[in-house]
């Protein structure tokens, strides 16, 4: 996967909290550091995100975006 942003952080999904429209995805990165990203339920399903999945967080000046293969 090639992306235009260089601000990428590897991590592992530790927890997903689903709401009606969005979900909060908690991702463990280096050491015990935990970051969270908000995604739509549609994105959660289309990316097939689940606890334990390895992902890449892409940091935009205003957002954190999840990418995976």
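For the pair residue 40 and residue 28, label points projected 7 Å from Cα toward Cβ lie 3.1 nm apart. If the chain linking residue 48 and residue 21 were pulled fully straight, counting 0.36 nm for each residue of separation and taking away their Cα-Cα distance, it would gain 8.1 nm. For the pair residue 60 and residue 9, the difference between a 0.36 nm per residue extended length and the Cα-Cα distance amounts to 17.2 nm.
Where does the chain land at 222 nm, in deg cm²/dmol rounded to the nearest 500, when only DSSP H runs of n ≥ 4 count, each adding -39500 (n - 2.57), divided by all residues? Could the numbers behind the result be given before it?
Numbers: 1 runs with 6 residues, N = 69.
It comes out at -2000 deg cm²/dmol, rounded to the nearest 500.
A short reminder: the numbers here are calculations on the coordinates, not readings from a lab. This one's a predicted model, so the numbers in the text were calculated from it and none came from an experiment. When we count neighbours, we look across all protein chains shown, and the Cβ atoms used for this are built from the backbone with ideal geometry, even at glycine.
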